[in-house]
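In what follows, a structure is listed as structure tokens, so that the remarks can point back to it.
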Amino acid sequence: MLIYILKRLGLAVLVALCVSVLAFALLRVQGNAASALAGEGASAEDIAIIIRTHGLDRPVVVQYLTWLANVLQGDLGTSYFFKRPVAELIVSKIGNTVILAIMSLAIALTLAVPLGVLAAVYSGSWIDRICSGISLLGQALPSFFLALCLVMLFAIHLRLLPASGAQTWQHFILPAVTLGYYITPPFMRLVRAGMIDALSNDYVRTARAKGIPSHKVVLKHALRNALVPVVGLVTVQLGLLIGGSVVIESIFALDGLGYLAYQSIGYRDFPVLQAVVLLLSLVYVVLTLLSDVVNAWLDPRLRVS
Amino acid sequence: MTDTTPTASIPTPGASMKSPSRLSLRRIAEQPSLLVGGGIVVLMILIAIFAPLLAPHDPFVQNIAARTVPPVWYDGGSWEHILGTDQLGRDYLSRLIYGARISLFIGFAAVAIAGVIGTTLGLLGGYFGGRVDMVVTFLTTVRLSLPIILVALAIVAIFGGSVTIVVIVLGLLKWDRFAVVVRATAAQISRLDYINSAKAAGASTFYILTREVLPNLAPQLIVIATIEIASAILMEAALSFLGLGVQPPTPSWGLMISEAKNYMFFSFWLIAIPGTALALLVFAINLAGDGLRDLISPDGRG
């Protein structure tokens, strides 16, 4: 088990390093970093000073290592636009994104687990078809279009909820519903597949043969076992949640990391963009690492390969 | 579809990997989702191809005198502009028809690029195993850990938005599912007897990969391609909606929604029409994909 964890950890570190190279490259391919730093109307002398003070005349590898060392110490550079340390900006925005993620995850699971279980128990019947129809429709409806429809209905016609911003908890309802709806279909498919798998096991047949009522067999015996692999797969699907939050936060002007990244693209504020890309990738790397380790702990067969 | 059956001396792999060419038309007819979904997709493709013949007006011509004319079923609508006009007075039906071209072209072209990259990586990793496989798995893991929408937005922001850039960016980012599935299946196939027979017969590795392994992956590839085309179409729409995809005045459905969103309070149909078209196309592609998956493995759903 220890060897497995160490191997898996090594892989995660390598992936993280690769991602950091890509994030570093992002700042370099956008052209002249020195003139971007100096701002508009800077003289050739100003640019020369910036090149020297920021070490932009040194070899790229040295620049990357310096940057990496700074990042590891929590120094993510300074925002071109906000003129504040990037780390400070990120800390001030991350809370909103975490709240949005938790709320939409809760909404998605409340929808996906019952629907997935129903579809699995009545697999092949009309209930299953309706559930997969809902999931197909959910996947087809563009999240930004759903967001605009919800704004029209709840913010403009009914005047129940605010359309944009992040001041109160009401501001989070429409974005969370949109994002939750967006990630529900894949979760539902995972729950359905996991349940069908669990229901075909011998212990379920034994439980049924013992005369235990059907709902107890499904909920107590099958669901518990079905959810273990599903939890692991759900973490992998978090990439979808992270990506979706960029679009949703931008539409609702919800002041989180995704909105910050969207703004930074508009302002060509590459240090901020670079930091958000790096951070979101690292979150994904850490979550998949944790899910792999937990799964290997639960299922010893996975440790061998 | 070409006949993919290997030469007679080499036995075909297990029954679960029937090539699509040998599935009878009768079984296709028994798949209502494939018929309905596929029918809508074919219809949309025909509309896209024959857009210049079908569009009643030029999709780029503006008419300041006839801005946001409502569709024919509202008060004030006319048969002159069946779906009304947009905020610049351009005929909405014509823009919608030309928009099908953008969505379908980007969806198919991006997935073609992604399919080539993912299939190549997956084939190499699955067939050779060992170190090659480790590299392929590693590349896939790195790709999966990148937030794809954010990276796509950033690259489009750097290189400028155009249909070509969007196709290249999505093609370079969406190969992961191809690589994962092809790798797993290629690893299974390469252990089968007929591959050993081909090796013994002196076939080159390239021949084995392209003629013996690849054709047997065709069913899986078609299913992944449909899923990925639907997802690429949605991503193009999202990028264009955020202003970092296809640029005006190109009629992209996502861009149409974006341009109309400031007018949606008074003319909701301006976003409802392209939104519905987008949802219908993606729904039809996914429906057809589900049908294809059931057709290929009737008992392997989920």
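Going through A:G180, A:G194 one at a time, which residue ends up being buried (at least 21 other Cβ atoms within 10 Å of the Cβ) and under 28 Å from A:G95 (Cβ atoms)? Unique residue meeting the criteria: A:G180.
Meeting the requirement of 1 or more residues that are modelled with pLDDT of 75 or more and more than 25 Å from B:L139 (Cα to Cα), the helices (runs of 4 or more DSSP H) wholly within the range A:218-284 are A:238-252, A:257-266. The numbered conditions (1) closer than 21 Å to B:I165 by Cβ; (2) assigned to a helix (DSSP H, G or I) are all true for B:K199 except (1). Scanning the range A:135-183 for residues that are in a loop (DSSP other than H, G, I, E, B) and within 13 Å of chain B (Cβ to nearest Cβ) yields A:L141, A:P142, A:R159, A:A163, A:S164. For the range B:239-269, the set of residues classified as in a helix (DSSP H, G or I) and either touching a Pro at 6+ places or on another chain (Cβ under 7 Å) or of a type in the set (D, E) (or both) consists of B:W253, B:L255, B:M256, B:I257, B:E259, B:W269, listed by residue number.
Any idea how many residues of the range B:119-168 are more than 11 Å from chain A (Cβ to nearest Cβ) and within 20 Å of the chain's Cα centre (by Cα)?
The first filter runs over the range B:119-168 and keeps only residues more than 11 Å from chain A (Cβ to nearest Cβ), leaving B:119-133, B:135-136, B:160-168.
From what is left, the residues that are within 20 Å of the chain's Cα centre (by Cα) are B:119-122, B:161-168.
Residues that pass the stated criteria total 12.
In the range A:273-300, the residues that are touching a residue at least 60 places away in the same chain (Cβ under 8 Å) and within 13 Å of another protein chain (Cβ to nearest Cβ) form Cβ pairs under 9 Å with partners that are surrounded by fewer than 20 Cβ atoms within 10 Å (Cβ to Cβ) and in a loop (DSSP other than H, G, I, E, B), at six or more places apart or across chains, as follows: A:Q274/A:G77; A:A275/A:G77. For the range B:128-147, the criterion of being of a type in the set (A, V, I, L, M), touching a Phe, Trp or Tyr at 6+ places or on another chain (Cβ under 7 Å) and in a helix (DSSP H, G or I) is met by none of the residues.
Just a yes or no: is a residue in the range B:259-274 crowded, with 23+ Cβ neighbours inside 10 Å, within 20 Å of the chain's Cα centre (by Cα) and more than 7 Å from every other protein chain (Cβ to nearest Cβ)? Yes, because at least one residue in the range B:259-274 is crowded, with 23+ Cβ neighbours inside 10 Å, within 20 Å of the chain's Cα centre (by Cα) and more than 7 Å from every other protein chain (Cβ to nearest Cβ). Going through (1) part of a helix (DSSP H, G or I); (2) within 14 Å of chain B (Cβ to nearest Cβ); (3) surrounded by fewer than 21 Cβ atoms within 10 Å (Cβ to Cβ); (4) touching a residue at least 24 places away in the same chain (Cβ under 8 Å) one by one, A:I99 falls short only on (2).
Assessment of the range B:291-302 against the conditions (facing chain A (nearest Cβ under 9 Å) and part of a helix (DSSP H, G or I)) yields no matching residue.
Of all residue pairs spaced 6 or more apart or on separate chains, those with beta-carbon atoms under 6 Å, a first member in the range A:246-269 that is within 14 Å of A:S79 (Cβ to Cβ) and a second member that is outside any helix (DSSP H, G or I) are A:Y267/A:F81; A:D269/A:S79; A:D269/A:Y80; A:D269/A:F81.
Looking only at residues in the range B:169-209 that are within 27 Å of the chain's Cα centre (by Cα) and surrounded by fewer than 16 Cβ atoms within 10 Å (Cβ to Cβ), which one is farthest from B:I113 (Cα to Cα)? Taking the candidates together, the pick is B:Q188. Look at (1) free of Cβ contacts under 8 Å to residues at least 60 places away in the same chain; (2) at negative phi and you find that A:G74 fails only one, number (2).
Condition (residue is under 25 Å from A:H157 (Cα atoms) and buried (at least 23 other Cβ atoms within 10 Å of the Cβ)) applied to the range B:224-232: is it met by at least one residue? No - not one qualifying residue is present in the range B:224-232.
Filtering the range B:78-120 to residues that are of a type in the set (S, T, N, Q), surrounded by fewer than 22 Cβ atoms within 10 Å (Cβ to Cβ) and free of Cβ contacts under 8 Å to residues at least 60 places away in the same chain leaves B:S78, B:T120.
Mind listing whichever residues of the range B:61-77 are surrounded by 14 or more Cβ atoms within 10 Å (Cβ to Cβ) and under 22 Å from B:I102 (Cα atoms)?
Residues of the range B:61-77 that are surrounded by 14 or more Cβ atoms within 10 Å (Cβ to Cβ), as a first pass: B:62-63, B:66-72, B:77.
Hit for the range B:61-77 is B:Q62, nothing else.
Considering only the range A:240-249, I want to know if a residue exists there that is within 12 Å of chain B (Cβ to nearest Cβ) and out of contact with any Leu (no Cβ under 9 Å at 6 or more places or on another chain).
Taking the range A:240-249 and keeping what is within 12 Å of chain B (Cβ to nearest Cβ), we get A:240-249.
So of that shortlist, the ones also out of contact with any Leu (no Cβ under 9 Å at 6 or more places or on another chain) come out as A:240.
Scanning the range A:240-249 turns up at least one residue that is within 12 Å of chain B (Cβ to nearest Cβ) and out of contact with any Leu (no Cβ under 9 Å at 6 or more places or on another chain).
The values are calculated or read from the model by the stated rules, or taken from the named source; none is laboratory data. Since the model is a prediction, treat every value here as computed from it, not as a measurement. So basically every Cβ, Gly included, is an ideal-geometry build from the backbone, and we count neighbours across all protein chains shown.
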